[in-house]
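In what follows, a single structure is set out as structure tokens and then discussed.
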Amino acid sequence: MNLGDLVVRKSYGGDVTFRVEHIVQNKAVIKGTEFRLLADSPLHDLIQVPPTRTTERGQRAQIKARESLTLLQKDRLEQSQRSLGAAIGAWTQQVPKEASHFEVPGKVLHLDGDPAYLNKSLSLYEQLRIPAEGHHVHESAMADTLFRLLPRVRPDIVVITGHDGVLKQHHAAYDLYSLSSYKNSQNFVTAIQIARDYERNFDALTIVAGACQSHFEALLGAGANFASSPGRILIHALDPVYIAAKASFTSIRDTVNLNDVLNHTISGSQGVGGIETRGTFRIGMPRPQNLSTLKVTPSVM
């Protein structure tokens, strides 16, 4: 067994594919390739699999991810059309209907404990034309990193994610309502608190936080707008991105559609949840000659 090998766990029926991150004596630290799960396992419980091998659970997640991306792209276009119509209607006495326009989607600051997932997330933001800045940061350093970055980046949306999981308890029953039962939920809580100290208004700064099996109630209690995981289940690598994208191109006139978040994320209502939150998408008119100076998105109309 070597670092970087793809493996599955015999004791779990090989339901999730992992990548070996560290090996210490007879144990390995493994990270999910599709799901944001960090785990440790005895080497004898691991079976190496080829790169082309995908579990049934992974295949279902990939199909759902493609469906979710299609919905996001459709929603992106429809939101632009709705916002333009509303803006023109509100300004009909001052601006001719044929006037050109520009879009200002919400800016995302994304901190991720996994570099591979971060790259996937930034690629998706780019596909959706959402302004985003991403940083690979160990979960334990996220609070300090946010303290430094928030005044400079001044985002509309913060994503705090990486890996998490419920710790194995060998001599006691699980306490799913204790932060000490989780690998990184406490780190996420501390980072959320820093972000919420920076901006107390839940509509001025939308916080999306958590990973697989994270302490949902603690993350919301610390000040997150959206968090994982209500059912303490595995969440897909791109679920936090889906929610951030929905917040980025939901109009400031509207709240993010909670039904969409619960039913169209890859992990569903047991994977993510949240509270009513206003969107961050704006339409501007007329379109300036040099959009780059405004650092905004050209219209798609």
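The values are calculated or read from the model by the stated rules, or taken from the named source; none is laboratory data. Predicted, not measured: the structure shown is a model, and the values here were computed from it. No Cβ is skipped: glycine too gets one built from the backbone with ideal geometry, and neighbour counts run over all protein chains shown. Surface accessibility is based on the protein's heavy atoms, side chains included, excluding ligands, DNA and RNA. Shrake-Rupley method; radii C 1.70, N 1.55, O 1.52, S 1.80 Å.
Within region 97-115, restricting attention to residues that are closer than 12 Å to Ile130 by Cβ and modelled with pLDDT under 95, which residue is surrounded by the most Cβ atoms within 10 Å (Cβ to Cβ)? Write out each step before concluding.
First, the residues of region 97-115 that are closer than 12 Å to Ile130 by Cβ: 103-110.
From what's left, modelled with pLDDT under 95: 103-105.
Details: Glu103: 23, Val104: 19, Pro105: 27.
Only one residue tops the list, namely Pro105.
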**Selection from region 202-225 of residues that are among the hydrophobic types (A, V, I, L, M, F, W, C), outside any strand (DSSP E or B) and within 14 Å of Val159 (Cβ to Cβ)** = Leu205, Ala211, Leu219, Ala224
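Name the residues in region 171-199 that are outside any loop (DSSP other than H, G, I, E, B), open to solvent by less than 80 Å² (accessible area, probe 1.4 Å) and modelled with pLDDT under 95, would you?
Narrowing region 171-199 to residues outside any loop (DSSP other than H, G, I, E, B): 179-182, 185-198.
Within this subset, residues satisfying the condition of being open to solvent by less than 80 Å² (accessible area, probe 1.4 Å) are 179, 181-182, 185, 187-192, 194-196.
Result: Leu179, Ser181, Tyr182.
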**Complete:** Taking region 117-170 and keeping only residues that are under 13 Å from the mean Cα position of the chain (by Cα), open to solvent by 60 Å² or more (accessible area, probe 1.4 Å) and free of Cβ contacts under 8 Å to residues at least 24 places away in the same chain, one is left with Asn119
**Prompt:** Among the residues of region 88-96, is any over 16 Å from the mean Cα position of the chain (by Cα), modelled with pLDDT of 70 or more and either exposed (fewer than 14 other Cβ atoms within 10 Å of the Cβ) or within 30 Å of Arg152 (Cα to Cα) (or both)?
**Reply:** no
**Count of region 226-279 residues which are open to solvent by 40 Å² or more (accessible area, probe 1.4 Å), within 18 Å of Ala195 (Cβ to Cβ) and either of a type in the set (Ser, Thr, Tyr) or assigned to a loop (DSSP other than H, G, I, E, B) (or both)** = 1
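In this structure, is Ala61 within 20 Å of the chain's Cα centre (by Cα), closer than 30 Å to Thr280 by Cβ, modelled with pLDDT under 70 and open to solvent by less than 20 Å² (accessible area, probe 1.4 Å)? Write out each step before concluding.
On the way: within 20 Å of the chain's Cα centre (by Cα): yes; closer than 30 Å to Thr280 by Cβ: yes; modelled with pLDDT under 70: yes; open to solvent by less than 20 Å² (accessible area, probe 1.4 Å): yes.
The answer is yes for Ala61.
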**Item:** Candidate set from region 33-51 (those that are in a strand (DSSP E or B) and within 14 Å of Asp5 (Cβ to Cβ)); member that is nearest to the chain's Cα centre (by Cα)
**Value:** Ser41
**Message:** Just the residues that are under 26 Å from the mean Cα position of the chain (by Cα) and at pLDDT 90 or above, please, taken from region 10-29.
**Reply:** Val20
**Asked** Taking interchain pairs and intrachain pairs at least six residues apart, which have beta carbon atoms under 7 angstrom, with the first residue in region 201-217 and surrounded by fewer than 24 Cβ atoms within 10 Å (Cβ to Cβ) and the second among the aliphatic types (A, V, I, L, M)?
**Response** Leu205/Val158; Leu205/Ala195
**Request:** Would you tally the residues in region 1-18 being free of Cβ contacts under 8 Å to residues at least 24 places away in the same chain and open to solvent by 50 Å² or more (accessible area, probe 1.4 Å)?
**Result:** 4
**Message:** Return the residues of region 233-253 that are farther than 15 Å from Leu71 by Cα and either hydroxyl-bearing (Ser, Thr, Tyr) or touching a Lys or Arg at 6+ places or on another chain (Cβ under 7 Å) (or both); say none if nothing qualifies.
**Reply:** Ile235, Ala237, Ser251, Ile252
**Message:** Residues to consider are Glu78, Glu126, Glu67; find the one that is at pLDDT below 90, closer than 17 Å to Asp239 by Cα, assigned to a helix (DSSP H, G or I) and of a type outside the set (A, V, I, L, M, F, W, C).
**Reply:** Glu67
**Message:** Which count do you get for residues in region 28-44 that are open to solvent by 80 Å² or more (accessible area, probe 1.4 Å) and either touching a helix residue (DSSP H, G or I) at 6+ places or on another chain (Cβ under 7 Å) or aliphatic (A, V, I, L, M) (or both)?
**Reply:** 0
